[in-house]
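The values are calculated or read from the model by the stated rules, or taken from the named source; none is laboratory data. Keep in mind that what you see is a predicted model, and the values were worked out from it rather than measured. No Cβ is skipped: glycine too gets one built from the backbone with ideal geometry, and neighbour counts run over all protein chains shown. The accessibility values were calculated without ligands, DNA or RNA, using every heavy atom of the protein model including side chains. Shrake-Rupley method; radii C 1.70, N 1.55, O 1.52, S 1.80 Å.
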Amino acid sequence: RNEANNQIQILSSYGSDLFLNEPLYKALKQFSLSGAAKQLSSTQKKFLKETLIAFEIKGMKLDKNGRDALKITNDKLIDYGNQFDKNIAEFKDSIEFSLADLQGLPEQTYLPWKRANGKYMVRINGPNFINILQDADNGATRHAIMLKYFNRAYPPNMTVLDSLFYYRQKLADQLGYKTYAEYALVTKMADKPAKVWAFLDDLKDKLTLHVGPEIEQLRGQKQLQYPGNADTIQPWDGLYYNKKLLDTKYKLN
């Protein structure tokens, strides 16, 4: 894993430097104005156009001093991005449960977790998280594993994340954009942050109509388990009661 991370960093730096290669950009730009470029297929023309845009939004419009400064920012973003992923990959944590806490899980799932003291030690990873969230009858158990899982690499990654936000905004400033979001959308279909927000707001309005009935079905499953005490579906309830719904109402395993 360490070797892979090192090579990812080298490859990312190479890719970043490639778009700051002035002779390469000028050669592509010169070719784009040639007669040969006019004879390209539509897909080749699209590729050439988007490649030139990629060079320009990654710093080729800047002078040499500006590109040198941008390279420092790019390297910082690569370093912090890799560190963020590495912290999660190398993070080790576990949580102790009793057998009663794990009721509902198949025996073959929880037996490997058993320790000499009769308790069950669960490592915090994706498969264990999903198994407990889907099968553990005890809501407190599901809640506990969710908090642990969603807080992997905390607190170290908070500092890393702050640094990523800082250097993303710095990158946007150096390239003449108001925000990193504005910069990131230049080559995307949405084009501008306002269009993304409009799309999401419109989607939210359309989906909200269906949320009530969906939640009611989950609440009905919770009501069967806790009569008179199923007013709220918590975030850690969703997978569990959804599976109950599939097992009982839809007979889908």
Next item on the list: Give me the accessible area per residue for region 45-102, probe 1.4 Å, as a whole number in Å².
Entry: 57 Å²
Next item on the list: Could you list, in their original order, any pairs among Lys222/Lys244; Lys64/Lys192; Lys49/Lys71; Lys148/Lys243; Lys46/Lys195; Lys71/Lys170 whose Cα atoms are separated by more than 18 Å?
Entry: Lys64/Lys192; Lys49/Lys71; Lys148/Lys243; Lys46/Lys195
Check: Which order do peptides 224-233, 6-15 fall in by mean Cβ count within 10 Å, highest first?
Finding: 6-15, 224-233
Note to self: Projecting each Cα onto the charge dipole of region 76-205 (Lys/Arg +1, Asp/Glu -1 at the beta carbon, about the Cα centre), which of Ile132, Tyr167, His143 comes out farthest on the positive side?
What the structure shows: Tyr167
Check: When the Karplus curve 6.51 cos²θ - 1.76 cosθ + 1.60 is applied with θ = phi - 60°, which whole-Hz ³J(HN,Hα) does each residue of region 230-244 get, with x for Gly and Pro?
Finding: 9, 5, 10, 9, 7, x, 7, 8, x, 5, 5, 6, 5, 5, 4
Next item on the list: Give the residues of region 122-141 whose amide nitrogen is closer than 13 Å to a point set 7 Å from the Cα of Gln225 in the direction of its Cβ.
Entry: 132-141
Item checked: On Cα atoms only, tilt of 139-150 relative to the major axis of the chain in degrees -> 20 degrees
Check: What is the helix-to-structure angle for 193-225, meaning the angle in degrees between its Cα long axis and the longest Cα principal axis of the chain, kept from 0 to 90 and rounded to the nearest 10?
Finding: 10 degrees
Item checked: Matching label, mean projected area of the Cα convex hull in nm² computed from the structure shown, candidates (1) 16.5; (2) 15.0; (3) 20.4 -> (3)
Next item on the list: Specify the angular offset, from 0 to 90 degrees and rounded to the nearest 10, of the alpha carbon long axis of helix 64-90 from the longest principal axis of the alpha carbons in the chain.
Entry: 20 degrees
Next item on the list: Please get the size of the charge dipole for the chain, origin at its Cα centre, with Cβ charges of +1 on Lys and Arg and -1 on Asp and Glu, quoted in debye to the nearest 20.
Entry: 660 debye
Checklist line | Accessible area expressed per residue, region 114-253, with surrounding protein chains retained (probe 1.4 Å, Å²) | finding: 66 Å²
Next item on the list: Report the label-to-label distance for Gln103 and Trp197 in nanometres (one decimal), using points 7 Å from each Cα along the Cα→Cβ vector.
Entry: 4.9 nm
Checklist line | Burial ranking of peptide ranges 69-80, 200-211, 109-120 (average Cβ count within 10 Å, highest at the top) | finding: 69-80, 109-120, 200-211
Checklist line | Positive dipole terminus of region 76-181, leading residue within Asn157, Leu99, Tyr110 (C-beta point charges) | finding: Asn157
Next item on the list: Please say if region 110-208 is rounded, prolate or oblate, where rounded means a/c under 1.5 for a ≥ b ≥ c the square roots of the C-alpha gyration tensor eigenvalues, and otherwise the choice is prolate for a/b larger than b/c and oblate otherwise?
Entry: oblate
Notebook entry, point to check: What FRET efficiency would be calculated for the residue pair Leu209, Leu252, taking the C-beta separation as r and a Förster radius of 22 Å, to the nearest 0.05?
Noted result: 0.35
Check: Counting pairs of alpha carbon atoms under 8 Å apart in space and at least six apart in sequence, what relative contact order in percent does the chain give?
Finding: 17 percent
Margin query: Tell me the carbon and sulfur percent of the accessible area for the chain, rounded to whole percent, probe radius 1.4 Å.
Written below: 58 percent
